[in-house]
Amino acid sequence: MSARLALVLLAMLAFGGGVMPASAKLLALVVGNNAYQEVAPLQTAVNDAQAMRDALQRAGFTVTLVENGTKRQISRAMAAVEGAISPGDTVLFHYSGHGVEIEGQNWLLPVDVPTAREGESGLVKDESFNAADIIDRFRAKGARQVVAILDACRNNPFAQGGTRALPTTRGLARMEADGGVFIMFSAGTKQEALDRLSPADSEKTSVFVRSFLPLLGRQDLTLIDMAKETQEKVRTLARSAGREQIPAYYDGIVGRVTLTGELPAARVSAPPPPVTPDSNAAGTSQSENLFWQSIQNSSDPAMFQAYLDQVGTGTFTGTYKVLAQIKLAALQPKAAQQPAAKPAPSSPPPAEQATLSPQPTPGNAVADAAVTACDQAAADARDPDKPAAIAGARLSGDGASAAIAACSKAIAVPAAPRRVFYQLSLAYAQAGQDSLALAQLQKAASLGHGLALYELAGRYLAGRGVPKDAIKALSLYYKAIDGNYAPAVSRIAWMYANGLGASRDYRKAAAIYELGVKSKEPTAYSGLGLLYLRGQGVTKDVGKACDLFRQGAAAGDADAAGNLNAKCPPG
């Protein structure tokens with residue numbers, strides 16, 4: 001590689017990495033529609049929009065507000081926001097008003113939408129806004145992150161007595177969130193969102209907005225944290241009125257970012273090192289570095305294509321994308337190479353990431369006592385997050401009830417450490433309450449708890465309580481490495497060796513096992529030894545295999561000890 005090319009690559013990595021440019025802006029379009037001209041009016045949508053504007057401005061957003069907007073007024077506001085977007089900006093779109101699902105798509109209604117009857121769904125589409133199209137328009141302008149908050153899950157505004165109404169359903173249809181997009185509904189699919197809890201409810205904002213707003217300015221909460229907190233608050237309020245409302249969210253953003261794109265300062269253990277191709281580049285996770293280290297010296301083009309595939313799915317941010325493309329082009333047969341095309345501009349990767357440390361235990365005595373009681377009742381000996389002084393509990397049927405009681409108190413502690421959610425999931429599982437166990441496991445995983453991510457991956461691999469999905473499992477195993485759970489390295493290698501979640505690739509499996517062995521991860525020795533024993537991805541070498549089994553057994557791995565006894569001569 002020439003010195004000039006190396007400098008170009010360094011520049012591309014420095015300016016195309018995950019760090020948000022210093023000039024990146026926070027922009028918001030907020031729409032609230034009450035005064036509908038031909039369909040039923042609403043009560044709180046304009047108040048919701050005004051409250052959102054004020055909160056967003058306090059958080060640093062430049063807000064364009066539309067109250068009771070006609071189609072033309074909303075179109076002009078949307079165009080103004082589009083014109084202000086520069087690559088790397090964050091854009092938030094909040095809509096409060098009527099919305100309907102038609103043929104699986106969600107349409108947001110301006111106040112001048114005409115009354116529609118049976119067979120006139122095309123009229124509604126022509127006079128309304130497709131929610132997915134709005135998001136796509138902002139992304140097309142280069143917005144690095146688009147957050148869409150749709151408080152439009154109300155009843156069918158066209159279902160009026162005495163007419164042949166347009167056949168739409170209650171609530172909105174599920175939406176797909178692609179890379180860089182986070183979508184939140186005020187209610188779940190087919191649920192109706194409440195403006196007020198009862199006629200006597202004096203609050204000026206909807207049940208969703210009054211629950212969401214207090215969380216908006218908190219920099220200790222990621223987008224997923226905000227969604228989960230809002231779900232709990234809304235559900236509690238709705239049930240107090242005898243209704244069921246649980247906001248839904250769809251996450252297409254890689255990494256743990258807040259509304260403003262910044263990492264939660266309380267969870268960052270150290271600033272990232274300078275950006276170079278050989279370092280833990282800003283915006284790059286531990287798992288992406290591990291993957292790249294396992295292939296960077298390979299002569300197999302499939303290795304680099306596999307990396308690019310993971311970038312395409314959003315598992316990796318793409319820090320090494322340019323290097324992978326150059327390696328791939330250099331390794332492909334000359335006859336197969338096409339004239340080099342100018343790379344298409346890509347959206348910047350997600351926000352800067354840094355190594356996350358376990359959440360701190362709260363500082364008051366009551367909170368500390370609650371967390372300690374949960375640790376003593378249900379800590380997992382494998383968990384890197386647990387206090388070193390606690391060996392780990394062996395949960396029994398008798399102990400499960402006590403652990404549930406202790407850990408239920410611990411998760412109620414403000415800023416509770418992520419491990420207590422995992423420990424509560426263990427207790428529920430031991431008590432045979434699998435749905436509750438899964439919910440707490442998912443909560444711990446959403447907070448980046450490595451062992452929870454590892455166990456959740458296993459559920460997706462087996463289809464236990466969740467849809468069977470090996471691709472999802474592989475992605476979760478990578479995230480488990482970021483959560484400081486080292487045995488996930490061996491599971492990733494095992495999945496490549498068995499063609500699960502990706503094409504079977506023994507050489508990649510061997511390279512990843514090698515990284516595990518270099519880091520002295522006990523579970524990696526046996527897997528790598530089996531590949532040497534069979535000559536899969538490496539040159540067959542029984543002596544090397546037995547030596548690896550021996551090292552793994554000495555490190556305490558039961559599989560390595562079993563293979564040593566079964567497959568290698570004594571001595």
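The values are calculated or read from the model by the stated rules, or taken from the named source; none is laboratory data. Note that the coordinates shown come from a computational prediction; the quantities given were computed from them, not determined experimentally. Note: ideal-geometry Cβ built from the backbone for every residue, glycine included; neighbour counts use all protein chains shown.
Some observations on this one:
- In the stretch 119-152, residue farthest from the chain's Cα centre (by Cα) [restricted to those that are of a type in the set (Asp, Glu) and surrounded by fewer than 21 Cβ atoms within 10 Å (Cβ to Cβ)]: Glu120
- Search result, residues across the stretch 34-74 that are assigned to a helix (DSSP H, G or I) and either among the hydrophobic types (A, V, I, L, M, F, W, C) or within 21 Å of Ala24 (Cα to Cα) (or both): Ala45, Val46, Ala49, Ala51, Met52, Arg53, Asp54, Ala55, Leu56, Gln57, Arg58, Ile74
- Residues of the stretch 79-113 that are part of a loop (DSSP other than H, G, I, E, B) and either surrounded by fewer than 17 Cβ atoms within 10 Å (Cβ to Cβ) or at negative phi (or both): Ile85, Ser86, Pro87, Asp89, His98, Glu103, Gly104, Leu109, Pro110, Val111, Asp112, Val113.
- Residue in the stretch 251-263 that is assigned to a loop (DSSP other than H, G, I, E, B), assigned by TED's automatic domain parsing to the domain that holds Arg53, among the acidic types (Asp, Glu) and touching a residue at least 12 places away in the same chain (Cβ under 8 Å) present: no
- Filter pass, Ala116 being in contact with a strand residue (DSSP E or B) (Cβ under 9 Å, 6 or more places away or on another chain), in the same structural domain as Ser202 (by TED's automatic domain parsing), at pLDDT below 90 and crowded, with 23+ Cβ neighbours inside 10 Å: yes
- Among residues of the stretch 367-406, those that are part of a loop (DSSP other than H, G, I, E, B) and not aliphatic (A, V, I, L, M), counted: 10
- The stretch 411-437: number of residues that are farther than 12 Å from Ala377 by Cβ, surrounded by 16 or more Cβ atoms within 10 Å (Cβ to Cβ) and touching a residue at least 40 places away in the same chain (Cβ under 8 Å): 6
- Whichever residue in the stretch 559-570 is in contact with a Leu (Cβ under 8 Å, 6 or more places away or on another chain) and surrounded by 15 or more Cβ atoms within 10 Å (Cβ to Cβ) and, among such residues, is nearest to Arg382 (Cα to Cα): Ala560
- Filter result (in contact with a Leu (Cβ under 9 Å, 6 or more places away or on another chain) and part of a helix (DSSP H, G or I)) within the stretch 534-558: Val542, Lys544, Ala545, Cys546, Leu548, Phe549, Arg550, Gly552, Ala553
- Total residues in the stretch 94-112, condition within 13 Å of Thr70 (Cα to Cα) and touching a helix residue (DSSP H, G or I) at 6+ places or on another chain (Cβ under 7 Å): 4
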